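S.K.: The following block contains the structure, expressed as structure tokens.
The values are calculated or read from the model by the stated rules, or taken from the named source; none is laboratory data. Note that the structure is predicted; figures quoted are calculated from it, not measured. Note that each Cβ is placed from the backbone with ideal geometry, even for glycine, and that neighbours are counted across all protein chains shown.
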Amino acid sequence: MKPNHIVIGAWFVLGALAGIPWAANAATAAAQTRYVQECSACHIAYPPKMLPAESWKHLLGGLNQHFGNDASLDAATTREISDWLMAHGGGFRNDRERPPEDRITRSAWFVRQHGEIRPTVWRRAAVHGPSNCAACHREASDGHFSEDDVHIPK
Amino acid sequence: MSSMSKRITFHLALVLCGALIGMQARADSGAEQLSRYESQIGRSGQPEQGRLFFISKHGGEWSCASCHTENPKAEGKHARTDHVLDPMAPSMNPKRFTNAAKTEKWFKRSCNDVLSRECTPEEKADVLAWLITQ
């Protein structure tokens with residue numbers, strides 16, 4: 001092999017190696033886009049860290065019976081979103097335990113954080129229950145849940 | 001084969017590939033989706049049948065109209081989540097029925113929610129025939 005062939009070969013290998021993380025990042029970004037696109041057709045795309053990976057796994061495994069509705073997706077899309085959620089799920093407020101029924105709203109941290117909200121407030125038409133984050137957290141769909149942005153509708 | 005005719009063949013193949021990709025990317029429409037259901041079932045979609053299907057409860061808790069309202073030109077609201085639903089009629093919402101996979105995805109989900117089963121091609125043809133003429 002001539003020396004310049006070795007140089008070309010080396011560049012090629014280097015380029016291919018550099019491409020691996022790039023391709024992985026692109027796949028991750030595509031999965032995130034798909035997650036937001038599919039799930040926010042019905043509700044906000046809840047931040048993945050709000051449920052442990054194990055909960056996401058069960059939810060994505062039973063989309064045909066998703067809290068009383070059929071939310072099924074084709075197998076490839078389900079797998080793509082499931083893998084992404086599994087990789088990014090969990091760890092919110094150091095709470096790693098699966099909440100009852102895999103409901104974010106029944107996580108220990110959620111119950112703790114919303115302890116001062118009276119049941120009548122949840123029942124207000126403009127609030128429509130604890131799963132409707134954006135009713136009070138006005139920037140919820142952007143992933144912001146700061147207490148400063150809370151506005152509870154009457 | 002001479003090198004000239006090889007080159008022409010190559011260019012023709014390129015054009016053909018481009019045309020095939022273009023056909024895939026071309027937006028679908030409600031009328032085209034309806035005609036595919038119609039050729040499957042061997043009859044025309046019946047708009048009035050579709051309307052009756054849409055507003056009936058079929059023995060369950062919900063009808064299609066429970067969330068979409070009985071007026072396809074109006075916005076709906078999901079009966080459980082309160083999520084606002086864009087109008088079903090393409091005359092009000094041009095994005096409706098421009099993607100066959102999306103149409104199938106939502107027929108499957110909504111039919112399961114309303115009828116506890118998937119809809120037949122006949123039912124889909126009738127509903128589509130009604131919605132696209134509103």
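S.K.: When you scan region B:83-102, how many residues do you find that are buried (at least 16 other Cβ atoms within 10 Å of the Cβ) and at pLDDT below 95?
M.R.: Number satisfying all stated conditions: 1.
S.K.: Return the residues of region A:88-133 that are under 28 Å from A:ALA29 (Cβ atoms) and either without any contact (Cβ under 8 Å) to a residue 12 or more places away in the chain or acidic (Asp, Glu) (or both); say none if nothing qualifies.
M.R.: A:ASN94, A:ASP95, A:ASP102 - these are the residues of region A:88-133 that are under 28 Å from A:ALA29 (Cβ atoms) and either without any contact (Cβ under 8 Å) to a residue 12 or more places away in the chain or acidic (Asp, Glu) (or both).
S.K.: Scan region B:104-123 and report the pairs whose first residue is away from chain A (no Cβ under 11 Å) and whose second residue is of a type in the set (Ser, Thr, Tyr), with Cβ atoms within less than 9 Å and a gap of 6+ or a chain change.
M.R.: Sorted first by the residue in region B:104-123, then by its partner, the pairs are B:CYS119/B:SER110; B:PRO121/B:TYR37; B:GLU122/B:TYR37.
S.K.: Is it the case that some residue within region B:38-50 is closer than 25 Å to A:HIS66 by Cβ, surrounded by 15 or more Cβ atoms within 10 Å (Cβ to Cβ), modelled with pLDDT of 95 or more and more than 14 Å from chain A (Cβ to nearest Cβ)? Break it down stepwise before answering.
M.R.: Going residue by residue through region B:38-50, those that are closer than 25 Å to A:HIS66 by Cβ are none.
Taking every residue of region B:38-50 in turn, none turns out to be closer than 25 Å to A:HIS66 by Cβ, surrounded by 15 or more Cβ atoms within 10 Å (Cβ to Cβ), modelled with pLDDT of 95 or more and more than 14 Å from chain A (Cβ to nearest Cβ).
S.K.: Name the single residue, out of those in region B:63-92 being among the polar types (S, T, N, Q) and within 14 Å of chain A (Cβ to nearest Cβ), that is farthest from B:CYS111 (Cα to Cα). Spell out how you get there, then give the answer.
M.R.: Kept after step one, since they are among the polar types (S, T, N, Q), are these residues of region B:63-92: B:63, B:66, B:69, B:71, B:81, B:91.
In the following step, the residues that additionally are within 14 Å of chain A (Cβ to nearest Cβ) were identified as B:66, B:81.
On the way: B:SER66: 13, B:THR81: 17 Å.
Out of the qualifying residues, it is B:THR81.
S.K.: How many residues are over 22 Å from B:ALA79 (Cα atoms) and surrounded by 14 or more Cβ atoms within 10 Å (Cβ to Cβ) if we restrict to region A:118-136?
M.R.: The initial filter retains those residues of region A:118-136 that are over 22 Å from B:ALA79 (Cα atoms), namely A:118.
Those left that are additionally surrounded by 14 or more Cβ atoms within 10 Å (Cβ to Cβ): none.
Of the residues in region A:118-136, 0 are over 22 Å from B:ALA79 (Cα atoms) and surrounded by 14 or more Cβ atoms within 10 Å (Cβ to Cβ).
S.K.: Suppose we keep only residues that are facing another protein chain (nearest Cβ under 9 Å) and within 21 Å of A:ALA27 (Cβ to Cβ) within region A:64-76. Which one would you say is surrounded by the fewest Cβ atoms within 10 Å (Cβ to Cβ)?
M.R.: Taking the candidates together, the pick is A:ASP74.
S.K.: So, one more: Condition check: away from every other protein chain (no Cβ under 14 Å), small (Gly, Ala, Ser) and more than 19 Å from A:PHE145 (Cα to Cα). Does A:ALA87 satisfy that?
M.R.: On the way: away from every other protein chain (no Cβ under 14 Å): yes; small (Gly, Ala, Ser): yes; more than 19 Å from A:PHE145 (Cα to Cα): yes.
Yes, satisfied.
S.K.: Let me confirm something: among B:ALA74, B:ALA79, which residue is of a type in the set (A, V, I, L, M, F, W, C), modelled with pLDDT under 95 and assigned to a loop (DSSP other than H, G, I, E, B)? Steps first, answer last, please.
M.R.: Numbers: B:ALA74 fails: modelled with pLDDT under 95.
Result of the check over B:ALA74, B:ALA79: B:ALA79.
Here's the yes/no breakdown for (1) touching a Pro at 6+ places or on another chain (Cβ under 8 Å); (2) more than 14 Å from every other protein chain (Cβ to nearest Cβ); (3) within 30 Å of B:GLU118 (Cβ to Cβ); (4) not in a loop (DSSP other than H, G, I, E, B):
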position	(1), (2), (3), (4)
A:ILE8	no, yes, no, yes
A:LEU14	no, yes, no, yes
A:GLU38	no, no, yes, yes
A:ILE44	no, no, yes, no
A:SER55	yes, yes, yes, yes
A:ASP83	no, yes, yes, yes
A:ARG96	yes, yes, no, no
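S.K.: Just to check your reading of the model, which residue among A:THR105, A:THR28 is more than 14 Å from chain B (Cβ to nearest Cβ) and surrounded by 13 or more Cβ atoms within 10 Å (Cβ to Cβ)?
M.R.: Details: A:THR105 fails: more than 14 Å from chain B (Cβ to nearest Cβ).
Going through A:THR105, A:THR28 in turn, just one is more than 14 Å from chain B (Cβ to nearest Cβ) and surrounded by 13 or more Cβ atoms within 10 Å (Cβ to Cβ): A:THR28.
S.K.: Still on this structure, I have one more. Please work out if B:LYS95 is within 14 Å of chain A (Cβ to nearest Cβ) and either of a type in the set (Val, Ile, Thr) or over 21 Å from A:HIS66 (Cβ atoms) (or both). Steps first, please.
M.R.: Numbers: within 14 Å of chain A (Cβ to nearest Cβ): yes; either of a type in the set (Val, Ile, Thr) or over 21 Å from A:HIS66 (Cβ atoms) (or both): yes.
Yes: the conditions hold for B:LYS95.
S.K.: Report the residue count in region A:131-152 for those that are within 12 Å of another protein chain (Cβ to nearest Cβ) and in a loop (DSSP other than H, G, I, E, B).
M.R.: So the count comes out to 2.
S.K.: Quickly run through region B:80-113 and pick out the residues that are out of contact with any Gly (no Cβ under 6 Å at 6 or more places or on another chain), farther than 19 Å from B:GLU48 by Cβ and of a type in the set (A, V, I, L, M).
M.R.: B:VAL84, B:MET92, B:ALA100, B:ALA101
S.K.: Looking at (1) assigned to a helix (DSSP H, G or I); (2) within 14 Å of chain B (Cβ to nearest Cβ); (3) surrounded by 15 or more Cβ atoms within 10 Å (Cβ to Cβ), which one does A:PHE110 not meet, given that it meets all the others?
M.R.: (2)
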